[in-house]
1. Could you say which residue among Val226, Val256 is in the same structural domain as Val293 (by TED's automatic domain parsing), more than 16 Å from ligand 1 (Cβ to nearest atom) and part of a strand (DSSP E or B)?
2. Specify which of the listed residues (Ala478, Ala518, Ala460, Ala488) is more than 29 Å from Arg416 (Cβ to Cβ) and either assigned to a helix (DSSP H, G or I) or open to solvent by less than 20 Å² (accessible area, probe 1.4 Å) (or both).
3. Which residue pairs have Cβ atoms under 6 Å apart, sit 6 or more places apart or on different chains, and have a first residue in region 3-15 that is outside any strand (DSSP E or B) and within 12 Å of ligand 2 (Cβ to nearest atom) and a second that is open to solvent by 40 Å² or more (accessible area, probe 1.4 Å) and not acidic (Asp, Glu)?
4. Condition (residue is within 16 Å of ligand 1 (Cβ to nearest atom), in the same structural domain as Ala423 (by TED's automatic domain parsing) and open to solvent by 10 Å² or more (accessible area, probe 1.4 Å)) applied to region 492-507: is it met by at least one residue?
5. Among the residues of region 17-32, which ones are assigned to a loop (DSSP other than H, G, I, E, B) and more than 7 Å from ligand 1 (Cβ to nearest atom)?
6. Quick check on region 467-511: of everything there that is away from ligand 2 (no atom under 16 Å from the Cβ) and touching an Asp or Glu at 6+ places or on another chain (Cβ under 8 Å), which residue is nearest to Trp286 (Cα to Cα)?
7. Go through region 33-65 and report how many residues are touching a Ser or Thr at 6+ places or on another chain (Cβ under 8 Å) and either within 16 Å of ligand 1 (Cβ to nearest atom) or within 12 Å of Asn168 (Cα to Cα) (or both).
8. For region 383-430, how many residues meet the condition of being open to solvent by less than 10 Å² (accessible area, probe 1.4 Å), out of contact with any helix residue (DSSP H, G or I) (no Cβ under 8 Å at 6 or more places or on another chain) and farther than 12 Å from Arg443 by Cα?
Amino acid sequence: MGMFCFQCQETARNQGCTVRGVCGKTEEVAKLQDLLIYTLKGIADIVVKGKVDISAHDRMNYEVLNSLFMTITNANFDDGRIESQIKKMMALRDELRNSVAVKDLHDAATFAVDSRDSMLEKAAAVGVLATEDEDMRSLREMITYGVKGMAAYAEHAKNMGKEDLAVNAFIYEALAATLDDSLTADDLVALAMKTGEHGVKVMALLDEAHRSRFGDPEMTEVNIGVRKNPAILISGHDMTDLEQLLEQTRGTGVDVYTHGEMLPAHYYPAFKKYDHLVGNYGNSWWRQLNEFVPFHGPILFTTNCIVPPRSEEVRSRIFTTGSAGYPGCRHIEADASGKKDFSEIIALAKTLPAPEAIESGSIVGGFAHNQVMALADKVVEAVKSGAIRKFFVMAGCDGRMKSREYYTEFAQKLPRDTVILTAGCAKYRYNKLNLGDIGGIPRVLDAGQCNDSYSLAVIALKLKEAFGLDDLNKLPLAFNIAWYEQKAVIVLLSLLYLGVKNIHLGPTLPGFLSPNVARVLVDRFGLASIGTVDGDIEMFMAQ
Ligand code: SF4
Ligand code: SF3
């Protein structure tokens, strides 16, 4: 049997990638990732059945997060590293199993493989399609993808020294539940809601971790042009990697630019002290194929989203760290204290030309909950006076599909008395359109990374309070969300858990939703896909 993966929005025919991923993932990597997930489920089975006190298993908890993160779309294409991770997790699993006396463990907790061939053979029997009932498969996968997004956020928080063991415990609970044939579809729907509950928890944790370490994001103008020094481009979501890189490049004559989801770093006060953090270069992840060429300098990926490079020249400048990986690219590991040595990247930067300008000017962002609440009086007044008629939450991901032009057109055509609240790389579809402001409030308010969708939820909850409403859904607020990978799945489940109704999700509904599961989400939560720009704007404005 070949590979089967349908975890992201670009899955082939919106049904499943079966030969090679649209993302570039090979059959071998897809299968190894399936086996890695299966191994984690085995660990979860032991933890749950053995009532293991996870507070005594710090390393295992972290490696579970890291393993899940490695299987997120576009994070890790390196078969060798995924194979070593499987071995590492099997060893941790076996050690755990031998330390607790539990009977009736699932095969996932006991299977053994050693060679690459035996791994691939085992993987073929335990992948997504191993669950035959399409509704159970849909629910199990939706929960697993939510857990992957949750793990990514938990790992970032842990890198800043923040942890909520309730989140880790839930990850084990959820993974173990996906092996349990006694659970009904209703049980799994309830578990999906619980996944959303822990999604809110983990995003709150990460928000707290970022703010306590780097300060509260504030309204900031970010340069999108270039200077004349050689430079390093840093991409992904991990701010602790950026911090270490900035410390190590200080005084070296090498500049640093952010790419994609690293843009929001500029909004944090702590990063403003680095004069050599010049600005943001380029746009969202999928434009990297064109943008990395004129950048000329080394590129450091701290997380997803990597697009397989087209030329050897670009590949030779790509480095990865953390959960990210790409075959043939140097991977920088942290030492036991979490310190990473980026000297090789800095040395390479010094030998390469400065970046070529692909844009000039600046963009504005930094509207996380604290900054928006500082403007609360103004915002409430603008709504009461009718100057702002409606807010549109347009958070989430960007992607390659032509159909995503919908979001640019939607932003352009929205009535001028509306404000867009955004987070995640979805913003690149409209953050350079110069949509103006309403009495000094910019019409596009960028809260930050996809995890900062939490900020948008906090803002909505505070507005609900300010207007004395008993229900979030009574606010003049519409949700038109774009999704791509599994972090968007945890954001979506979190919003559903918070009681947000009538979310429109595009550019397509997830291929992993079976017709019956999709119907539950439509009936219970009013989830809908997108239509035409004009029709949707009319529909939203009439609500
Ligand atoms: Fe296909 Fe997306 Fe899976 Fe890649 S991550 S193999 S594009 S479904
Ligand atoms: Fe983007 Fe990959 Fe999802 Fe963090 S970087 S939002 S797609």
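1. Val256
2. Only one candidate qualifies: Ala518.
3. Listed pairs, sorted by first residue: Glu10/Val22.
4. So far as region 492-507 goes, yes, one or more of its residues are within 16 Å of ligand 1 (Cβ to nearest atom), in the same structural domain as Ala423 (by TED's automatic domain parsing) and open to solvent by 10 Å² or more (accessible area, probe 1.4 Å).
5. Thr18, Val19, Arg20, Gly24, Thr26
6. Of everything passing the filter in region 467-511, His504 is nearest to Trp286 (Cα to Cα).
7. 3
8. Total satisfying the criteria: 1.
The values are calculated or read from the model by the stated rules, or taken from the named source; none is laboratory data. Quick caveat: nothing in here was measured; it's all calculated off a predicted structure. A quick note on method: Cβ atoms are made from the backbone with ideal geometry, for glycine too, and the neighbour counts reach across all protein chains shown. Accessible surface is based on the protein model in full, side chains and every heavy atom, while ligands, DNA and RNA are left aside. Shrake-Rupley method; radii C 1.70, N 1.55, O 1.52, S 1.80 Å.
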